[in-house]
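*Asks:* Encoded as C-alpha cells, here's the structure I'll be asking about.
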Amino acid sequence: MTSEVKLTGRVIFKGNPGYEAARKNWDPHTDRFPRVFVFAQKTQDVANAIRWARKNNVPIRPRSGRHSLEPNLSQVNGGIVIDVSDMKKIKLNKKSGTAVVETGNRVGRIVDTLARQGFIAPFGDSPTVGIGGITLGGGIGPLARTTGLISDNLIELEMVDAKGRVLRANKKQNSDLLWASRGGGGGNFGIYTKYKFKVLHAPAKATVFRITWPWDQFEKVVKKWQVWAPNASTKLGSELNIGPKKGGNVSMVGLFLGPKIEALRQLKPILSVGTPTQKIIRDLPYLEATKFLLPPDPVLTQKFSNQFSSGFGRRPFPDKAIKIMREFLEKAEGGTPAGFFFLNWGGAISRIAPKATAFFWRKAKFYVEWNSSWVKPSHAARNIALARNTRKKLQPFIVGSYINVPDQGIKNSGPVYYGKNFARLRKVKAKYDPKNVFNNPQSIPPAK
C-alpha cells in the first residue's frame, strides 16, 4: 500500500480553468488566492483532502455557502478550500419528524423542500447561506422563538476530523462534540458532512408582514420595537432594519404563525407608531410565506463589501445608545445595504439553559447587528473603522457577539462569542483537534 494521498472530487488548482469562479465569495472583500479548491462529492473526498493538506502542510478552510463575512475564514492564500457545496442530499422522515441534510445545502433549498411536504425548516434572512455555517454558529432567524435556534434542533452529525477519520456525534456517542457543534462555530473541530435535525409540522398558513417608515422616524420606531417585539407572542418573529440616513428607510419584516386577525392584534402597538408609508400584512400558504421572507439574494459576488458587528440587548437602548446609532447611520454610505438590524429574542431560545449547548447568549431581549458597506476599495478602511468604533461606543449597552456575524476587530473574542462556554469549548477542541489543524483568525484554541 502506498502512502500517497490523492485529492478526489472536483479539484481546481490555481491556474486551472474555473479557478476564478471558484474564488468568488458573497462579500468581495473576503477575496483570497488559495492553492487549490476541492469540491467534495462525498464524505471520502473531504477525508482525502484533509489528509493531503496535512501531508503537504497546507492550511485548510472549509466552505459551504460562501457567505463568510470576514477575510481568511472560508478562503486563505496558498491554502486548500474544502468546498462541500456539491453535497446536497436531503432526506425527510415524516414518521420520526427528522431530516438528514448534507452540508452543501443552502438554507432556501431545505426550507423549500420541507415546506412542500408540510414541515418547517428554520431559516435566517437569506436563502443562499449554507446550512453548515448557519447551524454550527447557532442559527438565528424569525422562527427561532417557536423552533429555537437551528442548532437547537440538531440531534446528530457526521464530521471528518484532523486525521481524516469519519466521526458521528449524537446524545450517545461523542456527545461533547454534539454539544460543541450546537453554537461553537464552524471551522473549529473538523469538517462536517451531514446533519440530522428534528423538524416541526408547518401550519397550513402563516401571516407575513412588511411595514415601512420614513428614516427620520427611526428613533421612535426602535424605542417602541425594543419594548414591544420581545414581549409579543412567541409565534411572532420580527426583523427591524434601519438603513443609512442618505436614502435609507426603516422597515420591519416578519411572520406570525397564526391567522391574520390575531396577527393584526399583535402588531397593533407597533403600527400605531409614527406614520408608516407601507403596510403589507398577508396570510399566505406556508410555502408562499417562506418565499416572502426569503427573497432572492444578490449573486456571487455582490457589489458591496461589508464590515459587520453584532451583540445582544438585555434591555431597551437608552437615548445615549440611540444617539450612537444615529451617528453611525449619518456616516454610513448612502445607496448601500449598510445599517442596523434587530431580531426579537426569547420564547424557545430562552427556554434552553446557557450551558446546555455551546450557544451561550440565551437571556437577551433582542439581537442587534450593524454593518457599514462600500464599493470602492479605497473606502474600506474608513468603513471598517466606522463599524468597529460603533461597537466600542455601544459596548455598555450590549453583551456578547454572534459568531456567525464575526468581527475580527474584537480582541480576545472567545468569551465575547461564547460567554462562559469558552473554557469547555477549548477542552472539546483539545480532544478532537489537539494540534489545532482547523484554525482561522478567531478560531477556538485547544486547552493547554
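*Asks:* Roughly what would the spin-label model give for residue 351 and residue 55, points 7 Å off Cα along C-beta, in nm?
*Replies:* So the two model labels end up 5.0 nm from each other.
*Asks:* Karplus couplings for segment 32-37 from phi (6.51 cos²θ - 1.76 cosθ + 1.60, θ = phi - 60°), rounded to Hz, Gly and Pro as x?
*Replies:* 9, 10, x, 6, 7, 10
*Asks:* Something else about it: Below 20 Å, Cα to Cα, which lysines can residue 431 reach? Residues fewer than 8 away in the same chain don't count.
*Replies:* In chain and number order, the partners are 163, 171, 172, 355, 420, 448.
*Asks:* What nm distance separates the two modelled labels at residue 246 and residue 327, each placed 7 Å from Cα along Cα→Cβ?
*Replies:* Computed distance between label sites residue 246 and residue 327 equals 1.9 nm.
*Asks:* Tell me the label-point distance for the pair residue 447, residue 204, using the 7 Å Cα-to-Cβ offset, in nm and rounded to one decimal.
*Replies:* Result: 5.3 nm between the two label points.
*Asks:* Let me ask something else about it. Which FRET efficiency value, to the nearest 0.05, is calculated for residue 10 and residue 170 with the Förster distance at 35 angstrom and r the Cβ-Cβ distance?
*Replies:* Values: r = 30 Å, r/R0 = 0.87.
About 0.70, to the nearest 0.05.
*Asks:* If you find the alpha carbon centre of segment 159-232 and of segment 391-430, how far apart are they in angstrom?
*Replies:* If you average the Cα positions of each part, the centres end up 17 Å apart.
*Asks:* Same structure again: Give me the Kirkwood hydrodynamic radius of segment 298-380 in Å, from all C-alpha pairs, to one decimal place?
*Replies:* Over segment 298-380, the inverse of the mean reciprocal pair distance is 14.9 Å.
*Asks:* Something else: Select one label from [x] 53; [y] 49; [z] 59: the one whose number is percent of Cα pairs over 28 Å apart as derived from the coordinates shown.
*Replies:* Identified label for the calculated read-out: [y].
*Asks:* Mind checking which lysines have their Cα closer than 22 Å to the Cα of residue 323? Skip sequence neighbours fewer than 8 apart in that chain.
*Replies:* Cα-Cα hits under 22 Å: 220, 223, 224, 245, 246, 331, 365, 392, 393.
*Asks:* Using r as the Cβ-Cβ distance of residue 389 and residue 100, and R0 as 35 Å, what FRET efficiency do you calculate, to the nearest 0.05? Please list the in-between numbers first.
*Replies:* On the way: r = 44 Å, r/R0 = 1.27.
The pair residue 389/residue 100 has a calculated efficiency of 0.20.
*Asks:* Find how much the distance from residue 281 to residue 44 grows on full extension, using 0.36 nm per residue of separation minus their present alpha carbon separation; answer in nm with one decimal. It would help to have the intermediate numbers written out before the result.
*Replies:* Working: separation 237, 0.36 × 237 = 85.32 nm, distance 4.79 nm.
The span from residue 281 to residue 44 would gain 80.5 nm if fully extended.
*Asks:* Any chance you could count the Lys pairs in segment 1-116 whose alpha carbons are under 26 Å apart, treating pairs 8 or more apart or on different chains as valid?
*Replies:* Pairs that pass both the separation and distance tests number 18.
*Asks:* Additional query: Compute the helix-to-body angle for 422-432: its Cα long axis versus the longest principal axis of the chain, expressed 0 to 90° and rounded to tens.
*Replies:* Around 30 degrees separate the two axes.
*Asks:* With 5 Å bins from zero, work out the P(r) of segment 30-153 over every alpha carbon pair and list the percent per bin.
*Replies:* All Cα pairs, binned at 5 Å, distribute as 2, 11, 19, 20, 18, 13, 9, 6, 2, 0 percent.
*Asks:* Sort 404-417, 87-100 by packing, meaning the average of other beta carbons within 10 Å per residue, with the highest value first. Don't skip to the end; give the middle numbers.
*Replies:* Numbers: 404-417: 18.4, 87-100: 14.7.
In decreasing order of mean packing, 404-417, 87-100 become 404-417, 87-100.
*Asks:* Could you please state how large a percent of the accessible area of the chain is carbon and sulfur, counting protein chains only and using a 1.4 Å probe?
*Replies:* Details: 9870 of 18280 Å².
Carbon plus sulfur share of accessible area: 54 percent.
*Asks:* Peptides 304-311, 131-138, 438-445: what's the order by average Cβ count within 10 Å, highest mean first? Write out the running numbers ahead of the final one.
*Replies:* Numbers: 304-311: 23.2, 131-138: 28.2, 438-445: 20.0.
My ranking of the peptides, most packed first, is 131-138, 304-311, 438-445.
*Asks:* Among 159-168, 268-277, 232-241, 363-372, what's the highest-first ranking by average C-beta atoms within 10 angstrom per residue? Don't skip to the answer; put the middle values down first.
*Replies:* Numbers: 159-168: 17.8, 268-277: 14.6, 232-241: 21.0, 363-372: 22.9.
Output ranking for 159-168, 268-277, 232-241, 363-372: 363-372, 232-241, 159-168, 268-277.
*Asks:* Which value, in debye to the nearest 20, gives the size of the charge dipole of the chain about its Cα centre, when Lys and Arg are +1 and Asp and Glu are -1 at the Cβ? Show your work: numbers first, answer last.
*Replies:* Numbers: 73 positive and 30 negative charges, 222 e Å.
In total the dipole reaches around 1060 debye.
*Asks:* Just to confirm, what accessible area per residue do you get for the chain at 1.4 Å probe, in whole Å²? Numbers along the way, then the final one.
*Replies:* Numbers: 18280 Å² over 448 residues.
Accessible surface, normalised per residue, equals 41 Å².
*Asks:* Which residue, chosen from 447, 231, 340, occupies the Cα position most advanced towards the positive end of the dipole of the chain, where the dipole is computed from +1 (Lys, Arg) and -1 (Asp, Glu) charges on Cβ about the Cα centre?
*Replies:* Of the candidates, 447 comes out farthest on the positive side.
The values are calculated or read from the model by the stated rules, or taken from the named source; none is laboratory data. The model shown is predicted, which means the values in this text are computed figures rather than measured ones. FYI the Cβ positions are ideal-geometry reconstructions off the backbone, even for glycines, and counts take in every protein chain you see. Calculation scope for accessible area: heavy atoms of the full protein, side chains included, ligands and nucleic acids excluded. Shrake-Rupley method; radii C 1.70, N 1.55, O 1.52, S 1.80 Å.
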